[in-house]
């Protein structure tokens, strides 16, 4: 479905002076894109039921809505991938019943998906010019004009504040933030006037996010319209000017962000007030024996995790904050026996349960919701039932979880119970997990671990890429587990989430806990200052 | 929409059978007098039994997104060991247990352990062991066939129960056991989990290395039992037996709708996949297509059968 790059001749023709908007007040500027009463049906199921959206130059417009509200469908109509069933799209004052990918591209609409579309094996340079490599003639033979590419790329990448980037390195070896910037640069080279960004910050650290925001502000100042899709309200408030909310395919609100509180926005998205903070209600007794005690855990390479010790008390959620790459996930892998250790002990209620591999970890009642749903989380060829039942089956069965027959009836009961308790939205537990939204997939994975009634639960980025409603539900589960006397550990790169859920925050840097802060008094600034102490 | 989903599920289960029926109808039309005779139908099953046996084993490595290229050599080596044991005076049952069952499991374990310890793709490991096992077969036999073993053994294995040949009964009942294994046991289900996503299986507490080992041992066992069937049918253990059989086994598994990417496939469809290969072979023989042309037609039919399957799978 890739939009084919245009002929160079046509780019010139469609380049309709993007900067004519001038400094006039935002409200008066005519929208570049106006979507009116957009409807879309798939197999007689209405996904969009009359949605309106105005995008003006020099403005960051935020599109809010839960997973499944219809945001992606709307974007696909805007970029010409889907045909709308009803409504009209007005581009620069000209009405279109539908937009083709070519028209969208000529009008300067460009989208950056959450799953980046750069080709990891190619260099930054090749990615920027993919499909339209410039050629020159040498002895009559056309050859790639690397010099021209390099000069053009340098100027654009420099504009985005990444002047020092090695343009010849394969993109796959770069951090995600850099790949994203390359993707933005690709859009800029096509004279973008409307840049759509679908959850661009979901895999960025807070520092990288700040850098991205600086870039978005720069584009805005240059007169580009930015349509920003995000679930993170604090972020939305920081970067956005105006907003629209979608709920179940209907526009439920729009306006200037500054005129509304976060609670207002959430109410428009979810239809109810969502609780924001989940800290322990009473005080936590830290004098008695801890539920979980971790002593001197070191990874096999003695680098990524170095001599880490901590305790988790009854009723407490311990958070791990820190930059991406600081070794938090490596520590969790070491605790769960998924990674080799050079040493260390894990003591649950006074008993040594140090697991040598995940099989032993599961058997002794540890649960580990891993960071990456797709890669290490779910089993794509299994139904909801299969995904939930697998851990319990392993835990119950002798011979390393391999012996015995599958008890379908019992497993269905377990899966049904988790579906009910976590209110997983699905057609039934026989549905394939691939057909669920991200939030519901995550709930299935939570259910998979809840079904073994674990005593130690590690949540690594439990709400990455899922919507507000599902998020607060998962936070509630985390709190309920802590209240039930389980040892709960949560790793998160989203500081608001850490502050909302954790009673104590261990700040991780270079494989060590640098400091442990009290959750009630910690702030994003105090955590970051520890995470980045010594300038690193 | 739900109707389309149902159709898709039905195709998953009965698709391979439909392909078999199409091929049967085709050959019946081309050879109305001979092809459909009951003796010939029995003959097709008999000719397919060794392919089915090997394909049943090959199914498992493919199910975990791997492959076993050594099945042909395992067949030859286990057959050779069994034959030599019988010639040396061992009781045929004991010889089959040591050579066919034990040998098959052991050679499979060699594959599995190598895959686990080196971390290399099974394609590379079994490409290597395929040559090694064949070489060992040549060495222990001096590259000449071994025959002159017990008539009782040959008679039993090539006999009939009613009108059904023993190898057919053997292959089909073994298929039934494996079907039960994949569908009802924890071990079987865990193998599907490993095939779907090794990493998430690992983090769920499934011992991926143990399952990889078991998968290759099953493959070895099936090839070992096929080795026993093969020496009985030929009345001799040929050092070159089973050369190229891995192609037929893989073809049967893939025609049976098993995904090369792992985690998807069914034992009954693999049996039908094996029957399709056998039917094509048989039909071409009856039509007196010369051997060299048979190869060409066979290759073309394999590609068409799988292409058709995927086309229909995509349409839903």
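Only the coordinates and a few stated rules stand behind these numbers; no lab work does. Everything numeric here is computed off the predicted structure, so don't read it as measured data. Cβ coordinates were reconstructed from backbone atoms using ideal geometry, including for glycine residues, and neighbour counts include every protein chain displayed.
Where both residues lie in the protein assembly as shown, what percent of DSSP beta bridges are antiparallel, nearest 5? Here the share of antiparallel DSSP bridges comes out near 60 percent. With N the number of residues in segment A:431-485, Rg(Cα) / (2.2 N^0.38 Å) evaluates to 1.14. The residue A:303 and residue B:312 beta-carbon pair, evaluated with R₀ = 56 Å, returns a calculated FRET efficiency of approximately 0.60.
Taking other C-beta atoms within 10 Å as the exposure proxy, A:146, A:403, A:449 rank A:403, A:146, A:449 from fewest upward. Taking every alpha-carbon pair within chain B, the share separated by more than 24 Å comes to 54 percent. Each label point was placed 7 Å from the Cα along the Cα-to-Cβ direction; for residue A:43 and residue A:76 their separation is 1.3 nm.
Only DSSP H runs of four or more residues enter the estimate; each adds -39500 (n - 2.57), and after division by the residues of chain A the mean residue ellipticity at 222 nm equals -9500 deg cm²/dmol.
Its Kirkwood hydrodynamic radius, worked out from the mean inverse distance over all distinct Cα pairs, puts the protein assembly as shown at 30.8 Å. With R₀ fixed at 51 Å, the C-beta to C-beta distance from residue A:169 to residue B:158 puts the FRET efficiency at about 0.20. Evaluated on segment A:118-192, the Kirkwood hydrodynamic radius is 12.7 Å, with distances taken between all distinct Cα atoms. Exposure proxy ranking for B:34, B:248, based on other Cβ atoms within 10 angstrom of each Cβ and starting from the fewest, stands as B:34, B:248. Here segment B:9-65 has an Rg and Dmax of 14.5, 44 Å, counting Cα atoms alone. The long axis of helix A:206-221 is offset from the longest Cα principal axis of chain A by roughly 20 degrees.
Placing dummy labels 7 Å off each Cα toward the beta-carbon, the span from residue A:372 to residue A:156 is 2.8 nm. Sorted into 5 angstrom bins from 0, the C-alpha pair distances of segment A:322-442 split as 2, 10, 17, 19, 18, 16, 12, 6, 2, 0 percent.
The alpha carbons of segment B:74-169 give a radius of gyration and a Dmax of 15.8, 49 Å, in that order. What the Cβ-Cβ distance of residue A:260 and residue B:184 gives, at R0 = 51 Å and to the nearest 0.05, is a FRET efficiency of 0.35. Peptide B:187-200 has a mean shielding of 6, counted as Cβ atoms of other protein chains within 10 Å of each residue's Cβ. D by Stokes-Einstein for segment A:316-356, Kirkwood Rh over Cα pairs, 10 °C, 1.306 mPa s: 138 µm²/s. The convex hull defined by the C-alpha atoms of segment B:179-306 has an orientation-averaged projected area of 9.3 nm². Residue separation of residue A:100 and residue A:218 scaled by 0.36 nm, minus their Cα-Cα distance, works out to 39.6 nm of gained length.
Compared with the dominant Cα axis of chain A, that is its longest principal axis, helix A:146-159 is turned about 70°. Counting, for every residue in A:380-390, the Cβ atoms of other protein chains within 10 Å of its Cβ and taking the mean gives 4.
For segment A:52-106, the Kirkwood hydrodynamic radius from C-alpha pairs, put into Stokes-Einstein at 20 °C and a viscosity of 1.002 mPa s, yields a diffusion coefficient of 176 µm² per second.
The long axis of helix A:384-396 is offset from the longest Cα principal axis of chain A by roughly 30 degrees. Panel order for A:468, A:144, by other beta carbons found within 10 Å of each beta carbon, from fewest to most: A:144, A:468. For the pair residue B:117 and residue B:39 in one chain, pulling the backbone fully straight at 0.36 nm per residue adds 23.2 nm over the alpha carbon distance.
Grouping the Cα pair distances of segment A:389-476 into 10 Å bins from zero gives a pair-distance distribution of 16, 47, 30, 7, 0 percent in increasing distance order.
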